[in-house]
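All remarks here apply to the structure that follows.
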Amino acid sequence: MAQSVGFFGIPSENFDQSGRAQFIALLELGLLPQSCVLEIGCGVLRAGHWLINFLEPENYYGIEPSEKRVQLGLDQLISKSVQIEKKPRFNFNDEFDLTVFDKKFDFFLAGSIWTHCSKLDISTMLDGFKETGTDNSVFLVSYLPAFFPWQDYKGSDWVGTSHKSEKPGCIHHNKKWIKRQAKNRGLHISFLNKTAFDNQYWIVLSKAPLIKDKTLLSKRLLRFYHALKN
């Protein structure tokens, strides 16, 4: 893909590893084939192609302003037969409107989105998560923490490449601010002390307390999970 179109918004050298890391993290949170997933900023389907192949038909939904990036991912990563079988759905709004599918979701994913968007955009996503998530829904986010006050992004613009910009960039957000926004909405939040991918860290938000119990997975899924990890 990089050879055909150049830079497409994410590093190409660890493309497979980063997509796999997001998929594994969702499995660890209880993702099952019958789960309904909304990926915010799905881009060229770095994580999406794992999810589309894994999930049952009509259970993958993606929001991405750049229709060209989505089409590139579909053309290069997902066969026509899988596309017909799985029926992934996409919306190309750039306002982080999670209500466009008129559907409730079990899992939400925003991989390397909070590393580019404003605090207003984050607030919009949290409101959308609360509105369109099931009672036990989970929101997996990667972010870059602001360790110093001057790192904390206070602007209103998207920073990085997009459907409107060719200029790369990343931003950081204050951990206490994120925690406060979750609390204001009655959401549970965990900051995981391990890197996600691309030097980012995981945040897990949920509408109910999380119960991590891999015994809920079938033996077949457990074997699949361990194969991915290794």
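The values are calculated or read from the model by the stated rules, or taken from the named source; none is laboratory data. Small disclaimer: the values here were computed from a predicted structure and weren't measured. Here Cβ is always computed from backbone atoms with ideal geometry, including for glycine, and neighbour counts include all displayed protein chains. Surface areas here come from the heavy atoms of the whole protein model, side chains and all, with no ligands, DNA or RNA. Shrake-Rupley method; radii C 1.70, N 1.55, O 1.52, S 1.80 Å.
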Do we find a residue being loosely packed, with under 15 Cβ neighbours inside 10 Å, in contact (Cβ under 8 Å) with a residue 12 or more places away in the chain and not small (Gly, Ala, Ser) anywhere in region 71-80?
yes
Conditions (1) under 26 Å from Ile24 (Cβ atoms); (2) at pLDDT 95 or above -> Arg185 fails only (1)
All but one of (1) part of a helix (DSSP H, G or I); (2) open to solvent by 10 Å² or more (accessible area, probe 1.4 Å) hold for Asn136; which doesn't?
(1)
Quick one: Ser142 ticks every box in (1) out of contact with any Gly (no Cβ under 6 Å at 6 or more places or on another chain); (2) open to solvent by less than 10 Å² (accessible area, probe 1.4 Å) bar one, so which box is it?
(1)
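Picking from Phe129, Phe96, Phe147, Phe108, which residue would you name as being open to solvent by less than 10 Å² (accessible area, probe 1.4 Å), aromatic (Phe, Trp, Tyr) and not in a helix (DSSP H, G or I)? Lay out the reasoning, then the answer.
Numbers: Phe129 fails: not in a helix (DSSP H, G or I); Phe96 fails: open to solvent by less than 10 Å² (accessible area, probe 1.4 Å); Phe147 fails: open to solvent by less than 10 Å² (accessible area, probe 1.4 Å).
Matching residue, one of Phe129, Phe96, Phe147, Phe108: Phe108.
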Given the condition touching a residue at least 12 places away in the same chain (Cβ under 8 Å), over 24 Å from His172 (Cα atoms) and among the small types (Gly, Ala, Ser), answer yes or no: does some residue in region 96-115 qualify?
no
Gly62 - would you say it is closer than 29 Å to Asp157 by Cβ, assigned to a helix (DSSP H, G or I) and either touching a residue at least 12 places away in the same chain (Cβ under 8 Å) or touching a Ser or Thr at 6+ places or on another chain (Cβ under 7 Å) (or both)?
no
Taking the stated definitions as given, is Phe7 modelled with pLDDT under 95, assigned to a loop (DSSP other than H, G, I, E, B), surrounded by fewer than 19 Cβ atoms within 10 Å (Cβ to Cβ) and not β-branched (Val, Ile, Thr)?
yes
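Would you confirm whether or not region 32-51 contains a residue that is assigned to a helix (DSSP H, G or I), in contact (Cβ under 8 Å) with a residue 12 or more places away in the chain and open to solvent by 60 Å² or more (accessible area, probe 1.4 Å)? Let's see the steps before the verdict.
Start the filter on region 32-51 by keeping residues that are assigned to a helix (DSSP H, G or I), which leaves 48-51.
From what's left, in contact (Cβ under 8 Å) with a residue 12 or more places away in the chain: 48-51.
Subset that is open to solvent by 60 Å² or more (accessible area, probe 1.4 Å): none.
No, region 32-51 contains no residue that is assigned to a helix (DSSP H, G or I), in contact (Cβ under 8 Å) with a residue 12 or more places away in the chain and open to solvent by 60 Å² or more (accessible area, probe 1.4 Å).
Against the condition open to solvent by less than 20 Å² (accessible area, probe 1.4 Å), of a type in the set (Ser, Thr, Tyr) and more than 23 Å from Ser206 (Cβ to Cβ), how does Ser66 come out, does it pass? It would help to see each step written out before you state the result.
Numbers: open to solvent by less than 20 Å² (accessible area, probe 1.4 Å): yes; of a type in the set (Ser, Thr, Tyr): yes; more than 23 Å from Ser206 (Cβ to Cβ): yes.
So Ser66 passes the test.
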Selected residue [under 18 Å from the mean Cα position of the chain (by Cα) and aliphatic (A, V, I, L, M)] from Ile84, Ile63
Ile63
Considering each of Lys119, Lys176, Lys212, Lys219 in turn, give the residue that is of a type outside the set (S, T, N, Q), farther than 21 Å from Cys36 by Cβ and modelled with pLDDT under 95.
Lys219
Among residues belonging to region 153-212 that are in a loop (DSSP other than H, G, I, E, B) and β-branched (Val, Ile, Thr), point out the one that is surrounded by the most Cβ atoms within 10 Å (Cβ to Cβ).
Ile171
